[in-house]
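A.B. asks: Quick one: structure below, then a few questions.
Every number in this text was worked out from the coordinates using simple rules, so none of it is lab data. These figures come from a predicted structure and were not determined experimentally. Positions of Cβ are backbone-derived with ideal geometry, glycine not excepted, and every protein chain shown enters the neighbour counts.
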Number of protein chains: 2
Amino acid sequence: MIAKITAKSQVEQLLDQHDTWLFDCDGVLWHGSELLPHALETIELLQKRGKKLIFVTNNSTKSRATYRLKFAKLGFDVSVDDIFCSAYSAAVYLDKVINYPKDKKVLVVGEQGIEDELSALGYSSVMGSDPKFRQDYSEELSATVRRDLEVGCVLAGLDTHINYYKLAYAQAQLEDPETLFLATNIDSTYPSHGRLFPGAGTVIQAVATASRRQPSASLGKPSDTMMDCIKARFEFDPKRAIMVGDRLNTDMAFGRRGGLSTLLVLTGVDTEAAIADSDVKPDFFASKLGDLYELLD
Amino acid sequence: MIAKITAKSQVEQLLDQHDTWLFDCDGVLWHGSELLPHALETIELLQKRGKKLIFVTNNSTKSRATYRLKFAKLGFDVSVDDIFCSAYSAAVYLDKVINYPKDKKVLVVGEQGIEDELSALGYSSVMGSDPKFRQDYSEELSATVRRDLEVGCVLAGLDTHINYYKLAYAQAQLEDPETLFLATNIDSTYPSHGRLFPGAGTVIQAVATASRRQPSASLGKPSDTMMDCIKARFEFDPKRAIMVGDRLNTDMAFGRRGGLSTLLVLTGVDTEAAIADSDVKPDFFASKLGDLYELLD
């Protein structure tokens with residue numbers, strides 16, 4: 001039975017039962033640069049009630065530090081330590097889980113956020129936001145595509161400056177079967193400007209098709225690596241924690257796999273109709289996060 | 001039993017048994033702008049022997065007329081009518097198979113070849129090679145992405161100028177479930193400069209991931225539509241025809257499905273080892289097309 005949150009008593013019960021609240025951001029707190037109605041007030045209400053809040057985003061274009069500035073700009077009082085992004089999770093995976101050597105470089109198909117998180121853990125990257133790779137394709141340019149022997153890993157995520165040259169470069173690198181192929185996250189879309197835009201999965205599937213390989217790991221939600229990262233930093237009882245998000249196949253799956261309660265909000269990707277069609281069901285759903293504030297108010 | 005062509009008698013037998021020869025081009029006749037050894041001489045030999053030659057390419061970046069110029073530049077004497085490209089096949093499919101209305105536009109994720117073939121059959125297209133869409137992504141630009149109500153079909157193929165803006169545009173168009181989604185061809189890679197580059201499939205899988213839809217038809221090899229196109233123009237007995245190509249999953253599958261003999265050459269995508277791993281087996285294989293000329297000489 002999936003309960004829709006429509007009454008004050010339900011909100012009180014949610015608050016009583018959960019000390020730790022994990023939040024997805026895009027489509028839950030905001031759309032692009034636009035705050036969602038009463039999302040800020042709901043977060044402030046939870047903070048006032050002494051809840052531990054953790055923000056878990058598959059957005060890899062920004063580092064945690066840059067992401068914190070976005071929170072601040074929209075009025076949220078959130079610390080860098082409480083933000084987990086897929087770029088950070090990917091860097092931690094390389095460093096702690098597979099002990100990827102620091103003298104090997106990472107070829108990034110993605111943006112600044114990935115480069116920053118890799119650099120913070122002592123890794124050098126190539127491509128990424130380097131303007132040298134933001135070139136329109138030409139025969140001359142394509143003749144320069146070759147494998148960089150210092151690179152041992154291709155890490156792909158959302159790249160809004162994706163082009164043919166970068167795809168060819170990543171493909172050349174992955175021709176070497178020893179080269180690792182990792183993805184920050186697999187979301188096919190993300191919400192912005194009131195509609196859906198191509199997500200990291202779009203870029204990753206382009207690289208995967210060209211290289212005829214699939215990433216050996218995807219480090220964002222719903223991966224266990226992201227959850228392990230969070231659990232390693234904060235001790236919390238999953239039974240008294242809840243994951244709030246707008247996507248069934250990432251946020252809700254992530255919460256469930258981690259043993260948390262789950263709350264779907266309908267301000268992002270998935271609709272109420274999508275719940276019926278999905279294998280992954282949330283415990284609760286609400287029209288928007290702001291309903292929690294409005295119902296209590 | 002798959003016979004490797006290594007003796008003059010085998011070549012004579014191939015010539016005796018086949019009147020109609022279908023050829024893939026990239027990886028068989030040339031690599032990019034480089035002629036493969038004795039490929040030209042082999043084609044001339046077949047022409048002298050009175051064979052009917054048909055060139056079947058999944059390359060959608062050039063129209064048949066432009067492709068003919070490529071043949072001429074490399075020394076081949078070939079007529080436009082003997083060239084079949086996936087862009088042409090796609091235009092014929094819209095016109096003859098599904099009677100796509102001429103007052104509806106086609107949104108092209110691809111290059112000039114597709115636009116030219118559509119235009120030749122009376123269709124208007126948008127995006128494609130239009131410089132307006134060759135823009136680097138920005139927040140301002142993404143706010144302009146919207147569905148064009150005059151468009152009823154997205155046709156995707158290789159686009160070496162692919163970018164995020166175009167992907168977002170195609171995605172917006174495909175949000176409408178009534179909008180058709182077609183692919184020129186699904187090759188994941190193509191050979192050039194002595195290595196593999198991202199093929200049409202790379203672009204198509206990016207669009208497919210962003211739109212969470214798959215093309216309803218792919219009009220290049222190995223699709224039956226391409227074969228139907230060829231058979232409608234030339235009457236030939238498939239039992240006395242042979243398909244020559246460098247790919248098992250497109251060329252060889254295409255020949256087999258059409259009831260033709262098949263000859264794989266190892267100058268392109270697939271290797272001898274790949275034959276063993278593949279469900280699709282050719283009847284014959286040769287190190288290169290030029291072996292036919294060399295063995296007879």
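A.B. asks: Which value, in debye to the nearest 20, describes the size of the charge dipole of region A:1-49 about its Cα centre when Lys and Arg Cβ atoms bear +1, Asp and Glu Cβ atoms bear -1, and nothing else is charged?
C.D. replies: 200
A.B. asks: Distance check, please: which entries in B:K70/B:K288; B:K62/B:K102; A:K8/A:K52; B:K8/B:K62 exceed 29 angstrom between their Cα atoms?
C.D. replies: From B:K70/B:K288; B:K62/B:K102; A:K8/A:K52; B:K8/B:K62, over 29 Å: B:K8/B:K62.
A.B. asks: Identify the residues of region B:131-148 with backbone N under 12 Å of a label point that sits 7 angstrom from the Cα of A:R195 along the Cα-to-Cβ direction, or state none.
C.D. replies: B:142-148
A.B. asks: For the protein assembly as shown, build the charge dipole from Cβ charges (+1 Lys, Arg; -1 Asp, Glu) around the Cα centre, then report which of B:G75, B:L40, B:Y165 sits farthest towards its positive end.
C.D. replies: Value computed over the given set: B:L40.
A.B. asks: DSSP loop (so not H, G, I, E, B), at most 15 other Cβ within 10 Å: list which GluC sites (Glu not before Pro) in region B:111-155 pass both filters.
C.D. replies: Hits after loop and neighbour filter: B:E150.
A.B. asks: Among A:V56, A:V151, A:V97, which one moves the most in a GNM of chain A with springs linking Cα atoms closer than 10 Å?
C.D. replies: A:V97
A.B. asks: Would you look at the GNM of chain A, springs on alpha carbons closer than 10 Å, and say which of A:R64, A:R240, A:R195 moves the most?
C.D. replies: Top of the fluctuation ranking is A:R195.
A.B. asks: Could you tally up the Lys pairs in region A:110-262 with alpha carbons closer than 22 Å? Skip any pair fewer than 8 positions apart unless they're on separate chains.
C.D. replies: Taking the Cα cut-off of 22 Å, the pair count is 4.
A.B. asks: Which of the aspartates and glutamates could be linked to B:K96 by a straight reach, that is with a Cα gap under 16 Å, when you skip same-chain ones fewer than 8 residues away?
C.D. replies: Of all the aspartates and glutamates, those that pass the test against B:K96 - Cα under 16 Å, at least 8 places apart if same chain - are B:E117, B:D224, B:D228.
A.B. asks: Moving on to the next point. Label-to-label distances across copies for A:G32, with labels 7 Å out along Cα→Cβ, in nm, shortest first?
C.D. replies: 3.9
A.B. asks: Assume the label is 7 Å from Cα along Cα to beta carbon: what separations in nm does B:I98 have to the matching positions in the other copies?
C.D. replies: For B:I98, the inter-copy label distances come out at 4.0 nm.
A.B. asks: Distance from the Cα centre of region A:71-91 to that of region B:1-57, in angstrom?
C.D. replies: Between the Cα centres of region A:71-91 and region B:1-57 lies a distance of 61 Å.
A.B. asks: Between B:R213 and A:M1, what is the label-to-label distance in nm when each label sits 7 Å out along the Cα-to-Cβ direction?
C.D. replies: Using points 7 Å along Cα→Cβ, the separation is 4.0 nm.
A.B. asks: Then there's this: Under 13 Å Cα to Cα from A:K281, which aspartates and glutamates show up? Leave out anything in the same chain fewer than 8 places away.
C.D. replies: Partners within reach: A:D246, A:D251, A:D270, A:E272.
A.B. asks: So, R0 is 51 Å and r is the distance between the beta-carbons of B:Q112 and A:D81; what FRET efficiency does that work out to, to 0.05? Show your work: numbers first, answer last.
C.D. replies: Working: r = 52 Å, r/R0 = 1.02.
The value I calculate is 0.45.
A.B. asks: Please report, in debye to the nearest 20, how large the charge dipole of chain B is about its Cα centre when each Lys and Arg carries +1 at its beta carbon and each Asp and Glu carries -1 there.
C.D. replies: Dipole magnitude for chain B comes out near 300 debye.
A.B. asks: Given a Förster distance of 51 angstrom, what is the FRET efficiency for A:L69 paired with B:R257, based on the Cβ-Cβ distance and rounded to 0.05?
C.D. replies: Plugging the Cβ-Cβ distance into 1/(1 + (r/R0)^6) gives 0.35.
A.B. asks: Here is a follow-up. Once the piece of chain linking A:S278 and A:D237 is laid out straight, how much longer is it, given 0.36 nm per residue of separation minus the C-alpha distance between them?
C.D. replies: Full extension of this stretch gives 12.1 nm more.
A.B. asks: Testing the spin-label approximation: label points 7 Å from Cα along Cα→Cβ at A:S287 and A:D228. State their distance in nm.
C.D. replies: 4.2
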